[in-house]
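Undergrad: This is the structure I have questions about; it appears just below.
The values are calculated or read from the model by the stated rules, or taken from the named source; none is laboratory data. Just so you know, these numbers come straight off a predicted model, no measurement behind them. Virtual Cβ from ideal backbone geometry, glycine too; neighbours counted across all protein chains shown. Ligands, DNA and RNA are stripped out before the accessible areas are found, and what is left, the full protein with its side chains, is counted by its heavy atoms. Shrake-Rupley method; radii C 1.70, N 1.55, O 1.52, S 1.80 Å.
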Amino acid sequence: MSLYNRIGVLAVAITLSCNCLILSNANAQGLGNSPYSSLGMGEFYGDAYSDNAGMGQSGVSTGNGFQINNLNPALWTRNRFTTLDIGIIGQYKDIVSGNKQQQTAGANLAYVSLAFPVSRRWTLGASLKPYSFIDFENTSARNIPGTPNSAVYYNSGKGGINKASITNAYQIGRYVSLGLESSYFFGNIRRASEVLIPLDVNGSDYLVGINDRTTYSDFAFKGGAAVRIPIKKDNKLDLNLGGSYSFKTRINGNQTSTLELTQNTFVVGNSDTLTNNLSSTLTVPQQYQVGMSLEWPFKLILSADYSHQSWSQYRGFNTSSNDGLTNTSRIHLGVEYQPRFLSLNYFDRVRYRVGFSHGNTPYVVNNRDVKDTNVSLGFTFPMGRGYQNFISLAFIGGQRGATGSGMIRERYGRAVLGITLLDRWFEKQKLN
């Protein structure tokens with residue numbers, strides 16, 4: 001690739017990264033309305049890129065080397081080419097609670113990652129992706145004692161937290177690799193609690209609202225390790241073991257709260273600032289994921305993972321409460337198959353994936369854990385000259401929660417589109 005093309009690739013990555021920041025902070029649309037996002041840090045995007053998303057979000061023990069595996073920083077050493085990965089995610093939901101039903105949809109830039117091998121054993125990478133989002137709105141009414149009127153209560157939230165990372169991965173010997181992801185969390189969340197009071201005899205409505213805006217920023221770290229154990233000679237079958245560990249971290253934040261009274265949408269008096277740049281922290285608990293896989297190189301991968309995060313240790317901003325969150329445990333199963341890597345038939349070179357994932361979410365409603373189960377289907381299509389670049393698609397369908405008294409059931413369909421560009425950088429030219 002020429003110098004101009006390399007500059008172009010970097011320009012694309014930087015431009016998309018900036019767009020991700022603008023979309024996440026300015027619009028904060030996330031992936032559509034989510035009642036569960038009112039709890040804790042909201043709803044999570046997850047670490048899986050398009051290829052792993054099609055395998056039940058599994059793959060902490062193995063990477064194909066053509067795309068970036070973001071589940072385990074140690075697996076970045078398998079990227080022997082300079083790799084640019086870009087992803088877009090979209091989601092549709094059908095939400096049911098009692099006799100109420102709602103459909104919602106949303107889309108966002110899922111990730112931008114760039115990895116390049118500094119040396120034969122050392123790979124350096126950078127990535128930017130949204131980490132979580134909050135997007136909810138609920139309404140309830142209560143009678144005002146002594147009057148025939150009812151007060152209407154509104155609660156809403158918008159915003160999200162993003163994650164920018166630098167990854168260093170190093171290979172030790174032929175079969176062991178280690179990695180460290182150093183991340184910077186940043187973003188802002190806005191929450192509002194409002195009460196509409198119809199007290200005026202002329203039919204005027206008064207709206208009393210408390211608005212909180214919290215800005216977050218701090219560092220976090222994630223380590224990983226991977227081992228490849230040859231079972232058959234000539235690289236015909238490998239047993240892969242891998243794991244990653246995200247350290248518990250406290251994200252610093254600053255919060256400003258204001259009280260405002262309006263009458264028929266007109267502000268009455270001046271807004272009252274209750275707190276101005278109040279400093280505190282939000283505690284994100286540790287997480288680990290372990291897995292194993294059987295790999296027939298360039299043919300078949302069977303993958304099984306287990307993940308756990310201690311959300312009971314979560315603490316909200318300036319509180320000792322964990323919002324009633326509970327620890328999460330999930331299993332992830334996936335298969336990747338490629339008919340013939342060196343075939344001249346195009347569809348023999350396509351990689352096909354299926355996956356399954358099941359476990360509980362951090363959310364608890366009416367003393368019942370909210371379960372989440374999904375199945376996935378994925379494809380990677382080679383493209384470009386020499387088929388050295390790829391387009392990946394992953395489709396995930398699942399259900400979260402259940403129907404019943406006070407419960408919320410979400411049935412969702414999610415799609416992830418990934419674009420991967422490969423090239424060799426920093427190679428010494430040889431003259432014959």
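Undergrad: Condition (residue is within 21 Å of the chain's Cα centre (by Cα), closer than 30 Å to A126 by Cβ and surrounded by fewer than 18 Cβ atoms within 10 Å (Cβ to Cβ)) applied to segment 230-245: is it met by at least one residue?
TA: yes
Residues checked against (1) within 26 Å of E181 (Cα to Cα); (2) of a type outside the set (F, W, Y); (3) open to solvent by less than 70 Å² (accessible area, probe 1.4 Å):
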site: N277; (1), (2), (3): no, yes, no
site: S280; (1), (2), (3): yes, yes, yes
site: P297; (1), (2), (3): no, yes, yes
site: I301; (1), (2), (3): yes, yes, yes
site: Y314; (1), (2), (3): yes, no, yes
site: D323; (1), (2), (3): no, yes, yes
site: D348; (1), (2), (3): no, yes, yes
site: R351; (1), (2), (3): no, yes, yes
site: V375; (1), (2), (3): no, yes, no
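Undergrad: Sort out which residues of segment 321-347 are acidic (D, E) and on the phi < 0 side of the Ramachandran plot, and write them in order of number.
TA: E336, the sole residue that qualifies.
Undergrad: State all residues of segment 166-176 that are in a strand (DSSP E or B) and either open to solvent by 10 Å² or more (accessible area, probe 1.4 Å) or of a type in the set (A, V, I, L, M, F, W, C) (or both); if no residue qualifies, say none.
TA: Across segment 166-176, the qualifying residues are I166, N168, A169, Y170, Q171, I172, V176.
Undergrad: T104 passes all but one of (1) within 24 Å of G54 (Cα to Cα); (2) in contact with a helix residue (DSSP H, G or I) (Cβ under 6 Å, 6 or more places away or on another chain); which number fails?
TA: The single condition T104 does not satisfy is (2).
Undergrad: Which of the residues spanning segment 327-340 are surrounded by 17 or more Cβ atoms within 10 Å (Cβ to Cβ) and in a loop (DSSP other than H, G, I, E, B)?
TA: Listed by number, the list holds a single entry, Q338.
Undergrad: Assuming S405 fulfils every condition listed in (1) among the small types (G, A, S); (2) over 22 Å from the mean Cα position of the chain (by Cα); (3) under 26 Å from I68 (Cβ atoms) apart from one, which condition is it?
TA: For S405, the failing item is (3).
Undergrad: Among all residue pairs at least 6 apart or on different chains, which show Cβ distances below 9 Å where the first residue, located in segment 354-373, is farther than 23 Å from A415 by Cα and the second is of a type in the set (K, R) and open to solvent by less than 70 Å² (accessible area, probe 1.4 Å)?
TA: That search, which allows pairs on different chains as well, returns Y363/R400.
Undergrad: List every residue pair whose Cβ atoms lie under 8 Å apart, where the two residues are 6 or more positions apart in sequence or sit on different chains, the first residue falls within segment 160-176 and is without any contact (Cβ under 8 Å) to a residue 60 or more places away in the chain, and the second residue, located anywhere, is open to solvent by 50 Å² or more (accessible area, probe 1.4 Å) and not in a strand (DSSP E or B).
TA: Listed pairs, sorted by first residue: I172/R121.
Listed here are the residues, each with its yes/no results for (1) charged (D, E, K, R); (2) surrounded by 14 or more Cβ atoms within 10 Å (Cβ to Cβ); (3) at pLDDT 90 or above.
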residue: F381; (1), (2), (3): no, yes, yes
residue: G386; (1), (2), (3): no, no, no
residue: F390; (1), (2), (3): no, yes, yes
residue: Q399; (1), (2), (3): no, yes, yes
residue: I408; (1), (2), (3): no, yes, yes
residue: R414; (1), (2), (3): yes, yes, yes
residue: D423; (1), (2), (3): yes, yes, no
residue: N432; (1), (2), (3): no, no, no
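Undergrad: If you don't mind, there's one more thing I want to ask. Have a look at D212, D205 and point out the one that is among the charged types (D, E, K, R), more than 20 Å from A115 (Cα to Cα) and modelled with pLDDT under 90.
TA: Going through D212, D205 in turn, just one is among the charged types (D, E, K, R), more than 20 Å from A115 (Cα to Cα) and modelled with pLDDT under 90: D205.
Undergrad: Could I ask something else about it? Of all residues in segment 294-315, how many are in a strand (DSSP E or B) and farther than 24 Å from R330 by Cα?
TA: Here the count works out to 1.
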